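The values are calculated or read from the model by the stated rules, or taken from the named source; none is laboratory data. Quantities reported herein were computed from a predicted structural model and do not represent experimental measurements. Cβ placement follows ideal geometry from the backbone for every residue including glycine, while neighbour counts extend to all protein chains displayed. In case anyone asks, the SASA skips ligands and DNA or RNA and just uses the protein heavy atoms, side chains included. Shrake-Rupley method; radii C 1.70, N 1.55, O 1.52, S 1.80 Å.
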Amino acid sequence: MTEKESPELKDPGENAGELIYDNLVEKQYNSAGKKEISDFKFDSLPVVPLKDTVIFPYMLYPVLVGRRSTVNAVNYALEKEKFVFLAAQVDSSIEETLTSNLYATGTVARVLQVIRLPNGLIKVLVDGLMPARVIRYENNSFIKANIEVINQSTESTPELEALIKEASEYFENYIKANPQIPKDSLSAYENIKEPDRKLYYIASTLNVEVSKKQNILNNSDLKAQYLELLYLLSYEHEISKIVREIENKITSAMQQNQRRYIIQEQIRILQEELGDGYETDPDLIKIKGQIEKAGMPEQVLKKAMDEFNKLRKTPTMSPDFGVIRNYLDWMVNVPWNVFTEDNFNLDNAERILDEDHYDLEKPKQRILELIAVLKLLKEKDIKKPPKGQILCLVGPPGVGKTSLGRSIARALNRKFTRLSVGGVRDEAEIRGHRRTYIGSMPGRIIQAMKKTGTCNPVVLIDEIDKMGSDFRGDPASAMLEVLDPEQNNTFNDHYLDIDYDLSNVLFITTANVQYNIPFALQDRMEIIEMRSYLDFEKVQIAKRHIIPKEIKEHGLDKDDIKFKDKIVYKIIRNYTREAGVRNMERELSSIIRKVARDRVAKKIVDKITVSEKMVEEYLGVPKYKEKSAGKDEKTKVGSVYGLAWTSMGGDILNVDVTVMKGNNKLTLTGKLGEVMKESASAGLSYIKSNSALFGIPENYFKDKEVHIHLPEGAIPKDGPSAGITMIMAMLSAITKNPARTDVAMTGEITLRGNVLSVGGLNEKLLAALRSGIKTVLIPEENEKNLTEVSEDIIKKLKIVSIKKVDEGIEYVFGRKKISFMK
């Protein structure tokens with residue numbers, strides 16, 4: 001483009017093309033001439049569509065014309081007043097454009113010169129005069145436009161002067177940042193006095209998209225145009241600044257890396273010449289300082305310094321450099337001599353445990369005992385940790401095992417970390433990988449120590465009963481060293497390859513099923529059983545902990561929603577089937593969440609108390625039906641209730657037996673495991689061998705088939721504790737004596753009729769109480785376990801200890817001896 005104040009158009013000459021029209025001598029530059037043109041009544045002007053450019057007023061610009069319709073428009077202008085209307089195309093890729101593809105605002109221009117070029121194109125030199133707006137387009141052999149000239153006020157105001165000053169500063173910076181723009185453009189700009197000409201001069205200089213330039217032309221108000229221009233200038237200024245910053249960073253980084261490499265090579269060569277030279281690399285100086293400040297034991301420090309000396313002599317481009325550097329990072333980040341100050345205040349510990357958990361008296365007492373021992377050892381300045389202090393919390397899911405570990409850490413004022421080993425099958429997960437492997441790293445124990453940053457944290461090892469083993473090793477065996485107080489002061493991680501002292505760590509493990517823990521591991525831990533919660537205990541937990549927490553987390557006030565005890569009982573019994581409180585918490589959260597939604601939707605305005613109707617509305621129909629033994633019938637033939645234990649808690653087990661004609665066969669159904677099948681066979685053998693005692697005919701089983709079925713056949717069942725239940729159910733079916741439905745039992749049996757002890761007694765008694773059982777038969781050997789059962793359960797049940805099968809007949813059948821009924 002050429003500035004209008006100093007046009008220097010030369011004669012094209014013979015080689016430049018054929019001069020068709022030349023009116024450069026007659027053009028007007030002063031404001032009087034512009035007024036004369038503005039007074040001209042434009043009826044209809046030919047349109048010259050522009051691709052990828054916007055021509056502003058006061059611009060001299062050569063336009064190359066090749067399209068037939070545009071050539072016709074230029075010819076028409078030459079025949080008339082030499083005026084054309086310049087309109088930019090919205091989509092420049094369209095060759096033969098339509099009126100719908102033209103912007104409605106453009107520039108009225110005068111044709112000053114027309115030259116036919118050797119390649120057949122026509123170069124038209126146009127002089128931008130004034131902005132105009134299209135009233136109507138006409139399309140014949142070329143496009144015409146009826147236009148309305150936009151008259152702009154250029155009266156000087158303080159606001160306009162401020163805008164011009166701001167634009168001038170941005171324009172100066174823009175020219176400095178873009179070397180491709182001639183420097184004399186700024187001088188030409190400074191010679192311009194008129195505000196609108198200054199605006200259009202800057203706009204024509206900007207290298208931005210057509211649509212952005214067109215936005216300036218679309219505004220009829222000069223101030224609005226300056227504001228749009230300032231937006232473009234500031235945007236371009238920010239882009240230029242970011243580009244410069246990126247270029248400077250790239251240049252600086254390249255120079256720094258090159259310089260650093262050269263200096264390192266020089267230092268390395270000098271050190272090789274001098275032997276033990278002085279360390280000058282700031283990165284290595286930092287590592288050495290970290291090693292010295294880490295407080296490592298003497299042997300560990302020697303190992304770290306050996307590795308550091310290797311690092312000094314290893315080129316940075318070598319793969320070994322990264323391996324050694326990563327190893328040293330782990331060495332300095334693992335705590336060696338950092339301890340948190342323990343809080344052995346028993347009252348404080350008891351208060352924290354009671355705040356966080358309801359009941360759990362036995363685990364709490366054991367934790368307080370541990371804190372008391374640690375306090376006495378500290379008072380006597382005995383640094384050797386007490387033996388046998390690794391606790392294993394065993395219980396169903398959701399009874400508070402993991403959260404109890406957090407409470408212990410809070411009570412002791414120690415850092416806490418949790419690592420789950422459920423599903424771990426690789427020994428390296430515990431001990432780490434050796435450094436010979438790519439991507440090797442320490443095991444989870446060392447990672448946990450780095451995470452806590454202290455030598456005496458509380459480390460909770462979750463789901464220890466769910467570790468597996470395969471061809472990669474046995475992680476349970478690796479865990480033996482971690483949990484053995486006699487060995488863990490010299491725990492050796494394969495990655496660090498040094499002894500690390502874990503004796504100050506308080507390890508707590510959790511498990512759902514004790515018999516899944518390898519015996520060697522059990523031997524190294526103190527097992528603390530955490531029983532299932534009773535219903536009234538769940539209600540207290542909900543009222544004290546869960547409901548207040550959920551109300552706060554859902555943005556409600558504590559008085560916005562109330563739960564009565566009977567509502568919580570309903571949720572527990574009809575919508576959950578668990579030993580812990582996780583599902584109860586989930587259902588309570590669901591109700592509170594729906595109440596919050598209704599409150600936001602203005603469906604609920606006042607404070608509410610949850611009703612049974614609301615529970616069913618929010619949670620749907622009850623998921624579980626309460627098992628009520630003896631509700632429909634007082635006695636049944638061939639049907640007896642047993643007690644079962646699962647990882648989810650206790651439950652009652654219905655054993656059904658029927659006798660039919662057959663071939664002296666025992667049929668078992670209900671997805672029974674091998675141990676339970678063997679118990680059934682042993683029970684039938686006991687009945688056959690003692691048939692005279694029960695009045696059963698001698699040849700009775702010769703043509704009889706006994707079928708034992710345990711309902712809920714999709715659920716796997718196993719274990720020996722249903723032995724006595726199956727014997728009683730078979731006796732009832734064979735002798736036709738009805739059994740009481742308010743009696744349940746548990747116990748393993750032998751071929752001699754002895755009743756042996758079983759596990760999970762607390763959960764089984766709790767299940768019996770929930771199901772309406774009045775009397776429970778337990779093995780005599782389990783009588784000692786009743787001390788661990790809640791007093792509330794013992795008071796509400798009649799618990800009978802038996803040593804032999806025949807001792808339970810009186811309670812099951814209502815009389816001491818049964819007789820065969822035909």
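Charge dipole (Cα centre; +1 on Lys/Arg Cβ, -1 on Asp/Glu Cβ; no other charges) of the stretch 522-566 amounts to roughly 180 debye. Taking the inverse of the mean 1/r over every pair of distinct Cα atoms in the stretch 475-564 gives a Kirkwood hydrodynamic radius of 17.2 Å.
Between L404, M441, T490, the Cα set farthest toward the positive side of the dipole of the stretch 385-513 (charges on each charged residue's Cβ, about the Cα centre) is that of L404. Peptides 257-263, 460-466 ranked from most to least packed, by the mean per-residue count of other Cβ atoms within 10 Å: 460-466, 257-263.
With both residues required to sit in the chain, DSSP beta bridges show an antiparallel share near 60%. When +1 charges are put on Lys and Arg Cβ atoms and -1 charges on Asp and Glu Cβ atoms, the dipole computed for the stretch 434-570 relative to its Cα centre reaches about 760 debye.
Projecting the Cα positions of A109, T97, L125 onto the charge dipole of the stretch 56-157 (unit charges on Cβ atoms of Lys, Arg, Asp and Glu, taken about the Cα centre) puts L125 furthest along the positive direction.
Just the number, please: Stokes-Einstein D of the stretch 410-503 in µm²/s, Kirkwood Rh from C-alpha pairs, 4 °C, 1.567 mPa s.
95 µm²/s
Distance from the C-alpha centroid of the stretch 518-570 to that of the stretch 722-777: 31 Å, rounded to the whole angstrom. Among K466/K677; K623/K796; K466/K636; K415/K623, which pairs are too far apart, with a Cα-Cα distance over 30 Å? Beyond 30 Å between Cα atoms: K466/K636; K415/K623.
Relative to the longest principal axis of the C-alpha atoms of the chain, give the angle of the C-alpha long axis of helix 361-379, reported between 0 and 90° and rounded to the nearest 10°. Between the helix axis and the principal axis of the chain, the angle is about 80 degrees.
Suppose accessible area is computed on protein heavy atoms with a 1.4 Å probe; arrange M254, M728 from highest to lowest. Please report the intermediate quantities before stating the final value.
Numbers: M254 125, M728 0 Å².
Order by accessible area, largest first: M254, M728.
The C-alpha atoms of the chain define a longest principal axis, and helix 298-313 lies at about 30 degrees to it. Here the 3J(HN,Hα) profile of the stretch 136-151, calculated from phi with Karplus coefficients 6.51, -1.76 and 1.60 at θ = phi - 60°, is 7, 9, 10, 10, 10, 6, 8, 8, 10, 9, 7, 10, 10, 5, 8, 8 Hz, Gly and Pro shown as x. For the listed peptides 599-610, 755-766, a ranking on the average number of other beta carbons within 10 Å per residue, highest first, reads 755-766, 599-610.
Once the convex hull of all Cα atoms in the stretch 497-637 is built, its volume per residue stands at 226 Å³.
Remark on the stretch 720-774: Rg and Dmax equal 12.2, 33 Å (Cα only). In percent, rounded to a whole number, the relative contact order of the chain is 7, using alpha-carbon pairs under 8 Å and six or more apart. With the charge dipole of the chain set up from +1 on Lys and Arg Cβ and -1 on Asp and Glu Cβ about the Cα centre, the Cα lying farthest toward the positive end among the listed residues A744, P182, I192 is that of A744.
Averaged over its residues, the stretch 69-153 has an accessible area of 42 Å² per residue, based on protein heavy atoms and a 1.4 Å probe. In whole percents, the pair-distance distribution calculated for the stretch 605-706 from its alpha-carbon pairs, binned every 10 Å from zero, is 10, 29, 26, 15, 8, 7, 3, 1. Amide H to amide H distances under 5 Å link I749 with G723, I724, L756, where only residues 5 or more positions off or on other chains count and H is placed in the peptide plane.
Taking 0.36 nm per residue of sequence separation and removing the Cα-Cα distance, the N218/V90 pair yields an extension gain of 44.7 nm. P(r) for the stretch 106-229, from all Cα pairs and a bin width of 5 Å, is 2, 9, 16, 18, 19, 16, 10, 7, 4, 1, 0 %, short bins first. With Cα atoms defining each centre, the stretch 574-602 and the stretch 421-481 are spaced 37 Å apart in the structure. What does the C-alpha gyration tensor say about the overall shape of the stretch 425-476? Classify as rounded when a/c is under 1.5, otherwise prolate if a/b is larger than b/c, or oblate. The shape class here is oblate.
Packing here is the average count of other Cβ atoms within 10 Å per residue, and on that basis the peptides 740-751, 337-348, 362-373, highest first, run 740-751, 362-373, 337-348. Please compute the Cα-Cα pair-distance distribution of the stretch 720-822 with 5 Å bins starting at 0, giving whole percents from short to long. In order of increasing distance, the bins hold 2, 13, 25, 25, 19, 10, 4, 1, 0, 0 percent. Radius of gyration over Kirkwood radius for the stretch 676-741, both on Cα atoms: the Rg/Rh ratio is 0.98.
Listed values for the stretch 698-705 are Karplus-derived 3J(HN,Hα) couplings in whole Hz (6.51 cos²θ - 1.76 cosθ + 1.60, θ = phi - 60°), namely 4, 9, 4, 7, 4, 10, 10, 10, and x replaces Gly and Pro.
Using only Cα atoms, find the angle between the long axis of helix 282-293 and the longest principal axis of the chain, and express it within 0 to 90 degrees, rounded to the nearest 10. Orientation of helix 282-293: about 20 degrees from the principal axis. The calculated 222 nm mean residue ellipticity attributable to helices in the chain amounts to -13000 deg cm²/dmol, summing -39500 (n - 2.57) over DSSP H runs of n ≥ 4 and dividing by all residues. The residues packed around V657, meaning those with a beta-carbon under 14 Å from its beta-carbon, carry a net charge of +2 if Lys and Arg are +1 and Asp and Glu are -1. Counted over the stretch 681-822, the DSSP beta bridges are approximately 25% antiparallel. In a solvent-free Debye calculation with one equal scatterer on each Cα, what is log10 I(q)/I(0) for the stretch 56-137 at q = 0.11, 0.13, 0.22, 0.25 Å⁻¹, listed in the order of the q values? Values, matching the q order: -0.28, -0.40, -1.20, -1.44. Each Lys and Arg Cβ is given +1 and each Asp and Glu Cβ -1; about its Cα centre, the chain then shows a dipole of about 3900 debye. The residues neighbouring D342, those whose beta-carbon lies less than 10 Å from its own, together hold a net charge of +2 under the Lys/Arg +1, Asp/Glu -1 convention. The base-10 log of I(q)/I(0) for the chain, evaluated at q = 0.06, 0.08, 0.10 Å⁻¹, reads -0.74, -0.87, -1.06 [Debye formula, identical scatterers on Cα atoms, solvent excluded]. Compactness ratio for the stretch 345-423: Cα radius of gyration over 2.2 N^0.38 Å (N = residue count) comes to 1.16. Normalised Debye scattering of the stretch 97-157 at q = 0.18, 0.25, 0.26, 0.29 Å⁻¹ gives log10 I(q)/I(0) of -0.84, -1.11, -1.13, -1.16, counting only Cα atoms as equal scatterers and leaving out solvent.
Of the chymotrypsin sites (Phe, Trp or Tyr not before Pro) found in the stretch 453-540, those that fall in a DSSP loop while having at most 14 other beta-carbon atoms within 10 Å are F471. Its residue count N fixes a reference of 2.2 N^0.38 Å for the stretch 174-219, and the Cα radius of gyration divided by that reference is 1.21.
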